[in-house]
Amino acid sequence: MNERVQMYDWFARMLSYPTNNTNLEIQHSVFNIHYSKISNNEYQILNVKGHLEKFYNAISNCSLSELEELYTRTFDINPIANLEIGWHLYGEQYERGEFLVMMRSLLREHAVEESSELPDHLTHVLLALGRMKKEEADAFAVKYVSPSIEKIVEAFGETENAYVHLLHAIKNFLEQQHQFNTSKYQPEVVAYE
C-alpha cells in the first residue's frame, strides 16, 4: 500500500465513530503521519501536522464514552456539520440521490467496503479518494470533497471542537496533494511543536 493510500486510510479512521481502539488508532495515525513524507513543501507539512497535534492533544485523555459523546454531538446531532458530503453539496435535492449512486459505484470500483454510514460519508469518500488514479482524485477532490469540507468547517464557526483541527488537517492535506488553484479556502496556519 502506498503512502498516499495510507494517509487517506488514517484520516478516515480518525473520522470514524469511536471504538475501544480509537485512542490507540489515532495515536498510531498521528505518529505515522508525523514521520511520513507527505509533501516537499515544509509549510504544508507543518500545517497538516500542527492541526493533527492539536486534535490528538484535545482527545488523548478522553475516555471512550467522552469520545462517543463528542463525536455524536459534533457530527450526528448537528446536521450542518454532518459528514455526508452529498448533503453539503446538494441538500435534499434530487442530485444528492444521483451523487449517492455515483459514490456507491466508486466504492465498489475501488474495493471500499461500506459501513453502516451512507456512501457519501466522508470516511468512505476518503478511502475511495486514496485509491483513485491521480487525475481522477484531483478532479474529485476539487469538485466534491474540498467544497464539502469547507462547509463543514464553516458550520463550526468559532466553536472550540477537536474535530475542527482534524478537518483542517484533511483539508490542508487535500490541497497539497491535489494542488488546488481555485479554492477560496485559506488554510488556518497552526505551527507544529
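Data overview
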quantity	calculated
Any pair with Cβ under 6 angstrom, 6 or more apart, that starts in the stretch 131-144 at a residue that is in contact (Cβ under 8 Å) with a residue 40 or more places away in the chain and ends at one that is in a helix (DSSP H, G or I)	Ala137/Leu129; Asp138/His178
Count - residues of the stretch 113-135 that are over 17 Å from Tyr17 (Cα atoms) and either under 17 Å from the mean Cα position of the chain (by Cα) or of a type in the set (A, V, I, L, M) (or both)	5
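We did not get these values from a lab; they are worked out from the coordinates using the rules stated. What you see is a predicted model, and the numbers here were worked out from it, not measured in a lab. Counting neighbours? That spans all protein chains shown, and the Cβs are built from the backbone with ideal geometry, glycine included.
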